[in-house]
Amino acid sequence: MIFLKLALKSLKNRMLATGLTVLSISLSIGLLLTVERAQRAAEDGFNQTISKTDLIVGARSGPLQLVLYTVFNIGNATHNISFSTYQEIAKHPAIAWTIPYSLGDGHRGFRVVGTNQDFFKYYHFRKNQKVGFAAGRPFQELTDVVIGSEVARQLQYKMGQNIVVSHGVTKEEGFQHHDDLPFQISGIMAATGTPLDRAVYISLEAMEALHLEHSENLKKENIKPDAITSFFVGTHSRLDILKLQREINAFAKEPLLAIIPGVALAELWEGLSYAERILRLISLMVLIVGFMAMLIALTTTLNERRREMAILRAVGAQSKHILGLLVFESALLTFLGVVGGVILSLGLVAALAPWIESKFGLYLAGSALTQTELFYILGALAAGTVIGLIPAFKAQNQALKDGLSVRF
Amino acid sequence: MSLNSPLIEIRDLHFTYEGQATPTLFVPEFTVDSGEELFLFGPSGSGKTTLLEIISGVLAPQSGCLRILGQDLTKMTPAQRDAFRAEHVGYVFQSFNLIPYLSVYENIELPIRLSAVRKQRLGTVDVDMVIRAICGNLGISDLLDKNVTQISVGQQQRVAVARALLGKPQLLLCDEPTSALDTDHREKFLRLLFELAELYETTVVFVSHDRNIEKLFSRSLSMNTINKATS
Ligand SMILES: Nc1ncnc2c1ncn2[C@@H]1O[C@H](COP(=O)(O)OP(=O)(O)OP(=O)(O)O)[C@@H](O)[C@H]1O
Ligand SMILES: [Mg+2]
């Protein structure tokens with residue numbers, strides 16, 4: 001078709017302006033899509049920090065606090081749960097498994113967690129992933145310690161190395177150290193991309209031993225933990241979760257709080273999502289700037305193109321053809337920009353994915369183009385075309401008013 | 001269309017530019033017969049370009065009768081007038097006739113790309129052959145693949161004529177296309193133009209303020225005998 005050819009040749013003739021316009025749209029679409037993708041990955045990653053756990057139980061406090069200190073290693077518990085309470089609840093017939101979790105001690109800025117073998121057996125994240133080992137094995141002896149991948153990386157710890165665990169999550173020296181009980185690294189966990197990577201794991205008994213006055217010559221069998229911070233619960237049937245939650249919350253001997261992690265995480269994300277909204281808003285603004293650049297490029301060339309329009313009219317083009325030509329041009333620019341943006345975004349994600357995974361624990365998996373992206377793409381195409389109407393109407397009017405006698 | 005009716009027939013035509021108080025054109029009577037080579041002269045501002053734009057249907061008169069090839073242009077919608085122009089009229093400007101980003105060849109073939117009727121008139125003959133034949137007549141055969149910015153003004157005007165005449169329009173309107181040419185080139189240009197116009201049985205209406213070329217035409221008229229608008 002002649003107008004397609006005219007549009008293409010005309011755009012080619014204005015290569016630099018065309019290229020820059022396409023580039024500016026590409027960059028803004030690329031940014032928008034990449035931000036969208038990263039957000040989705042962040043949300044997915046966040047919501048999948050823990051999975052398959054039906055309830056998290058701690059001493060009564062805020063649900064947010066509980067999820068923060070158990071799942072995200074942020075903050076501390078104000079109260080503990082007595083070990084007997086834990087044992088009593090764990091026997092509940094609806095419960096399939098539990099993982100006791102004892103927090104509070106720190107090692108050079110990283111959280112120390114006391115737990116047992118069930119942690120390695122039952123803790124899941126990202127749907128059905130379990131804790132794996134880059135080297136070594138779970139702790140067995142009292143003085144065995146398993147470290148998260150990030151701990152190993154940052155502190156450059158090696159298998160079999162002896163380390164000292166101190167009390168309290170702090171990097172401060174001079175804190176009360178438990179020098180009596182030297183630990184040996186028995187395992188380094190594989191990277192999970194979750195807060196698990198940033199903690200040090202020892203047995204509940206070892207945790208208890210850290211608090212004993214004289215911990216020399218201790219035997220694991222002799223130590224009985226008397227309190228834990230929280231525990232994770234898996235049920236036999238999901239139907240029991242709500243009932244079990246009510247029962248635990250109404251536990252008579254001790255004030256307890258049981259939360260459903262999925263719900264708590266969703267609420268927490270909701271609280272964080274203002275940042276997400278701001279980010280999206282910024283990329284939308286960038287998109288608007290991209291379109292403004294296109295509008296400017298199209299309108300500034302209009303004056304130079306008056307003669308071109310007059311010639312086309314003289315050889316029989318209707319004024320609606322001129323309108324169509326210009327709208328088509330801007331639609332084409334937008335289309336090229338969007339294609340460029342999608343390629344840019346895919347390329348960027350592909351190139352940066354490994355780095356983002358290791359650095360932020362965000363897995364940019366999943367489909368690249370979801371409905372949201374499609375919505376943005378179609379929206380951008382529509383917006384570009386509509387914006388193209390502005391100079392197009394102007395050109396049409398000009399062509400009608402000028403007639404054929406454009407004077408230079 | 002009966003044989004003896006004129007090609008262009010204008011009666012009591014008024015035209016006023018938008019926002020203007022007085023009419024630019026008032027033409028009580030003006031006719032052009034088929035096959036004529038008419039020269040219209042008048043000073044700058046006498047309404048020559050305006051008249052051509054009305055005849056080509058780009059501008060629409062406020063009142064009066066305007067018939068071309070027996071068809072009443074005042075009864076047509078703007079789109080119909082555009083189509084009419086595409087089919088029946090070739091137009092050559094004073095200068096800047098060509099679209100800069102198209103080659104010479106692509107500029108010439110524009111009318112048959114825009115009008116199916118113009119293309120049909122070429123019959124079964126190959127379009128490329130026709131274009132090359134016209135350009136042969138005008139002496140611009142070797143320019144066809146060039147960029148229009150690479151050719152001289154005189155050559156540009158011949159390309160514009162080739163384009164205006166491709167597909168045998170009944171009417172060729174020329175708006176001072178020779179004013180940028182020197183005397184020798186002007187005459188040469190006009191002879192080539194008339195040769196082709198006669199070949200294609202195309203009527204020529206040519207406006208200019210330069211009466212030196214008047215003698216080459218079959219008839220010559222002054223704008224003030226046609227345009228009775230007091231300006
Ligand atoms: N678009 C326009 N809007 C308003 N007035 C116009 C417009 N175009 C031309 N005119 C006026 O109409 C009158 C006739 O203009 P026109 O261009 O037809 O003259 P012309 O005979 O072609 O002159 P020239 O020899 O300089 O080309 C002039 O007074 C001009 O100022
Ligand atoms: Mg003029």
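Positive contributions from Lys and Arg (+1) and negative ones from Asp and Glu (-1), summed over other residues with Cβ under 11 Å from the Cβ of A:Ile311, come out at +4. P(r) tail, chain A: Cα-Cα pairs separated by more than 36 Å, 46% of all pairs. Using the Cβ of B:Gln156 as centre and a radius below 13 Å, the other residues enclosed give a net charge of +4, where K and R count +1 and D and E count -1. Counting Cβ atoms of other protein chains within 10 Å of each residue's Cβ and taking the mean over peptide B:85-94 gives 4. Counting only protein heavy atoms and a 1.4 Å probe, segment A:55-259 has 47 square angstrom of accessible area per residue. Atom-type composition of the exposed protein surface of the protein assembly as shown places 57 percent of the accessible area on carbon and sulfur (1.4 angstrom probe).
Relative contact order of segment B:8-226, taken over Cα pairs closer than 8 Å and 6 or more residues apart, is 30 percent. Solvent-accessible surface of segment B:8-226, averaged per residue with a 1.4 angstrom probe and all protein chains in place: 41 square angstrom. Bridging of A:Lys127 to aspartates and glutamates at a Cα separation below 18 Å is possible for A:Glu43, A:Asp44, A:Asp54, A:Asp118, A:Asp197, A:Glu357, once same-chain residues fewer than 8 apart are set aside. Here the 3J(HN,Hα) profile of segment A:111-123, calculated from phi with Karplus coefficients 6.51, -1.76 and 1.60 at θ = phi - 60°, is 5, 9, 10, x, 8, 10, 4, 4, 4, 6, 7, 10, 6 Hz, Gly and Pro shown as x.
Counting only alpha carbon atoms, the long axis of helix A:371-402 and the longest principal axis of chain A meet at about 20°. Between B:Ser56, B:Ser208, B:Ser179, where does the largest GNM mean-square fluctuation fall for chain B, given springs only between Cα atoms within less than 10 Å? Looking only at B:Ser56, B:Ser208, B:Ser179, the largest GNM fluctuation is found for B:Ser179. Amide H contacts of B:Tyr17 (H built 1.01 Å from N, in plane; Pro and chain starts excluded): B:Thr24 sit under 5 Å, all sequence-distant by 5 or more or on other chains.
Longest span of chain A, sites excluded, free of trypsin sites (Lys or Arg not before Pro) in DSSP loop with at most 12 other C-beta atoms within 10 Å? Between exposed loop sites, the widest span is A:254-406. Relative to the Cα centre, the charge distribution of the protein assembly as shown, modelled as +1 at Lys and Arg Cβ and -1 at Asp and Glu Cβ, gives a dipole magnitude of about 1100 debye.
Chains A and B together bury roughly 2300 Å² of accessible surface, counting both sides and using a 1.4 Å probe on protein heavy atoms. Close amide H pairs (under 5 Å, H built 1.01 Å from N) link B:Lys146 with B:Val104, B:Tyr105, residues at least 5 positions away or on another chain.
Comparing the full protein assembly with the isolated chain (1.4 Å probe, heavy atoms, ligands and nucleic acids excluded), the residues of segment A:1-27 losing at least 30 square angstrom of accessible area are A:Ile2, A:Lys5, A:Leu6, A:Lys9, A:Asn13. Estimated purely from DSSP H runs of n ≥ 4, each contributing -39500 (n - 2.57), the mean residue ellipticity at 222 nm for the protein assembly as shown is -15000 deg cm²/dmol once divided by its residues.
The values are calculated or read from the model by the stated rules, or taken from the named source; none is laboratory data. Just so it is clear, the model here is predicted, and its values are computed rather than measured. Positions of Cβ are backbone-derived with ideal geometry, glycine not excepted, and every protein chain shown enters the neighbour counts. Quick note on the areas: whole protein, heavy atoms, side chains included, nothing else; ligands and nucleic acids left out. Shrake-Rupley method; radii C 1.70, N 1.55, O 1.52, S 1.80 Å.
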